[in-house]
Amino acid sequence: MIALFIIAALATQTSPPEPAWTWTLYADTTPVVLANEVPDTASLRATLECDPGTSVALVSLYGGAPLTGMARVTAGEASAVAEAETARAGASKLALRTDHPVFAAFTVDGKLAIAVGDERRPVEVPAAHLAKLRRFAELCSG
């Protein structure tokens with residue numbers, strides 16, 4: 001009887017579910033935003049935003065130590081240099097041209113690496129969300 005009580009008590013104790021992180025494209029806004037977020041919350045890992053037709057994407061990274069200084073940005077075999085700075089709420093922000101080979105490589109496999117000194121921060125868009133990344137690049141390009 002005691003064993004059944006313990007089993008029943010353990011069965012009712014469930015850990016809270018992991019937040020549902022996803023990539024969301026906000027294409028009907030200015031700026032256009034692609035966000036790695038938990039929907040309907042203020043939780044963000046990364047955002048890409050641009051004014052349509054400008055060919056410049058602002059990449060913001062949330063969480064972790066802010067990156068400041070010259071950043072090496074790589075995707076596939078392509079690389080670029082951009083200046084990373086601390087933005088609101090301790091986010092790291094840098095600008096990338098959407099017509100640069102590094103951004104084109106990013107749209108192929110969804111993997112972008114940003115490094116400032118010894119600090120490295122990846123941005124990964126899973127295959128299921130690559131169409132959103134490509135649509136973002138299309139809307140941003142001039």
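The values are calculated or read from the model by the stated rules, or taken from the named source; none is laboratory data. Since the structure is predicted, the reported quantities are computational estimates derived from the model, not experimental observations. Here the Cβ is made from the backbone with ideal geometry for all residues, glycine too, and neighbour counts use every protein chain on show. Keep in mind that these areas ignore ligands, DNA and RNA; they rest on the heavy atoms of the full protein, side chains included. Shrake-Rupley method; radii C 1.70, N 1.55, O 1.52, S 1.80 Å.
Of the residues making up segment 102-142, just one is under 16 Å from residue 24 (Cβ atoms) and of a type in the set (Phe, Trp, Tyr), namely 136. Within segment 9-32, residues that are closer than 16 Å to residue 139 by Cα and open to solvent by 70 Å² or more (accessible area, probe 1.4 Å) reach partners that are modelled with pLDDT of 70 or more and not acidic (Asp, Glu) with beta carbons closer than 9 Å, at six or more positions or on different chains, in the pairs 26/32; 26/33; 26/34; 26/35; 30/52. For segment 52-71, the criterion of being exposed (fewer than 15 other Cβ atoms within 10 Å of the Cβ) and outside any loop (DSSP other than H, G, I, E, B) is satisfied by at least one residue.
Mind counting the residues in segment 80-118 that are open to solvent by 90 Å² or more (accessible area, probe 1.4 Å) and in a strand (DSSP E or B)? It would help to see each step written out before you state the result.
Start the filter on segment 80-118 by keeping residues that are open to solvent by 90 Å² or more (accessible area, probe 1.4 Å), which leaves 81, 83, 85, 88-89, 97, 99, 108, 111, 118.
Imposing the further condition that a residue be in a strand (DSSP E or B) reduces the set to 81, 83, 85, 97, 111.
Qualifying residue count, segment 80-118: 5.
If you go through segment 33-51, how many residues are part of a strand (DSSP E or B) and open to solvent by less than 40 Å² (accessible area, probe 1.4 Å)? Outline the logic, then answer.
Kept after step one, since they are part of a strand (DSSP E or B), are these residues of segment 33-51: 33-37, 44-50.
Then drop every residue that is not open to solvent by less than 40 Å² (accessible area, probe 1.4 Å), which leaves 33-37, 46-50.
So the count comes out to 10.
The sole residue among 63, 110 that is modelled with pLDDT of 95 or more and at positive phi is 110.
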